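S.K.: What follows is a structure written as structure tokens; I'll ask about it next.
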Amino acid sequence: YDGTGVEKDDYKAFIHYQKSAEMGHAMGIMQVGNCYINGIGVEKDECKAFIYYQKSAELGDAGGTYNVGYCYQNGIGDEHKTFIYYQKSAEMGHAEGICNVGYCYGNGIGVEKDEHKAFIYYQKSAEMGYAMGAFNVGFCYNEGIGVEKNEHKAFIYCQKSAEMGLTSGITQVGHCYHFGIGVEKDEHKAFIYYQKSANLGDLVGISQVAFCYRNGIGVIRNLQMSIGWYQK
């Protein structure tokens, strides 16, 4: 339904997904769920979305299984089921599901809190190229959560998440350069990273760009520019 190779038509997309769902295609069933949860080509209906996600999960679709867990976490509120479905999606190799199993362990959601297990799952998802997983590994190294504190490794993983396009990762790399966390202090590089994340709409990045202009950190002091960024 993204208009690839054909004029975009959300309703037709929904119809085709529905047809594939009726044929028992797990991915099609999951996509019908996505249409219902986002109101794409059909009236938004979170209850129907959940039903379709559950159907696709029963057919072994990793994305559908993950989405069932997401629904439990954000809608019905059954924490144990949240963990179970994230774990199932993780076993199917779903990178975001693996990361969220880590989140469950890290915060004791539906399972006994275990920060070391959280770190292990974050690391697994990072190795699969999942940006938030890499960011979380960096956070764990920075704070010494589930692993021995190591600021240089924290910087490396934040940089990885930034390279994957995670705006909060880009901001955090700026923060590391700003204060010399795990890397040699470089205020100009800090400003460049803050500006990158700000241009991508990251609120912390926007605030930091304004702060840098206000105080002349990594850039020539310019109060007008500072005010302009604060007003964004």
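S.K.: Quick test for you: out of HIS178, HIS188, pick the one residue that is within 21 Å of CYS140 (Cβ to Cβ) and either in a helix (DSSP H, G or I) or of a type in the set (Phe, Trp, Tyr) (or both). Before you say what the answer is, go through the steps one by one.
M.R.: Working: HIS188 fails: within 21 Å of CYS140 (Cβ to Cβ).
Among HIS178, HIS188, only HIS178 is within 21 Å of CYS140 (Cβ to Cβ) and either in a helix (DSSP H, G or I) or of a type in the set (Phe, Trp, Tyr) (or both).
S.K.: Is there any pair with a first residue in region 89-100 that is over 11 Å from THR65 (Cβ atoms) and surrounded by fewer than 24 Cβ atoms within 10 Å (Cβ to Cβ) and a second that is of a type in the set (S, T, N, Q) and at pLDDT 95 or above whose Cβ atoms are under 7 Å apart and which are 6 or more apart or on different chains, and what are they?
M.R.: From region 89-100, the pairs are ALA95/SER125.
S.K.: Residues of region 42-51 being in contact (Cβ under 8 Å) with a residue 24 or more places away in the chain and under 23 Å from the mean Cα position of the chain (by Cα), which ones? Break it down into steps so the answer makes sense when it comes.
M.R.: The initial filter retains those residues of region 42-51 that are in contact (Cβ under 8 Å) with a residue 24 or more places away in the chain, namely 42, 46, 50.
GLU46, PHE50 - these are the residues of region 42-51 that are in contact (Cβ under 8 Å) with a residue 24 or more places away in the chain and under 23 Å from the mean Cα position of the chain (by Cα).
S.K.: Which pairs do you get when a residue that is modelled with pLDDT of 95 or more and charged (D, E, K, R), found in region 180-206, comes within reach of a residue that is part of a helix (DSSP H, G or I) and surrounded by fewer than 20 Cβ atoms within 10 Å (Cβ to Cβ), reach meaning Cβ atoms under 7 angstrom, with the pair 6+ apart or on two chains?
M.R.: Going by the 7 Å Cβ cut-off, the qualifying pairs are LYS185/PHE179.
S.K.: Restricting attention to helices (runs of 4 or more DSSP H) lying wholly within region 33-152, give those where 2 or more residues are farther than 18 Å from GLY169 by Cβ.
M.R.: Details: elements: 46-58, 62-71, 79-91, 95-107, 115-127, 131-143.
Helices (runs of 4 or more DSSP H) meeting the threshold: 46-58, 62-71, 79-91, 95-107, 115-127.
S.K.: Residues of region 207-222 being of a type outside the set (Phe, Trp, Tyr) and either buried (at least 16 other Cβ atoms within 10 Å of the Cβ) or in contact (Cβ under 8 Å) with a residue 12 or more places away in the chain (or both), which ones? If you could, list the steps in order and put the result at the bottom.
M.R.: Taking region 207-222 as the starting set, the residues that turn out to be of a type outside the set (Phe, Trp, Tyr) are 207-210, 212, 214-222.
If the condition is that a residue be of a type outside the set (Phe, Trp, Tyr) and either buried (at least 16 other Cβ atoms within 10 Å of the Cβ) or in contact (Cβ under 8 Å) with a residue 12 or more places away in the chain (or both), then SER207, GLN208, VAL209, ALA210, CYS212, ARG214, ILE217, GLY218, VAL219 are the ones that fit.
S.K.: Right, next: Scan (1) modelled with pLDDT under 95; (2) under 23 Å from PHE139 (Cβ atoms) for the single condition VAL209 breaks and write down its number.
M.R.: (1)
S.K.: Here are LYS44, LYS8: which of them is of a type in the set (Lys, Arg) and either within 21 Å of ALA90 (Cβ to Cβ) or modelled with pLDDT of 85 or more (or both)? Outline the logic, then answer.
M.R.: Values: LYS8 fails: either within 21 Å of ALA90 (Cβ to Cβ) or modelled with pLDDT of 85 or more (or both).
Unique residue meeting the criteria: LYS44.
The values are calculated or read from the model by the stated rules, or taken from the named source; none is laboratory data. Remember, it's a predicted structure, so these values are computed and weren't measured experimentally. Ideal geometry is used to build each Cβ from the backbone, glycine not excepted, and the neighbour counts take in all protein chains shown.
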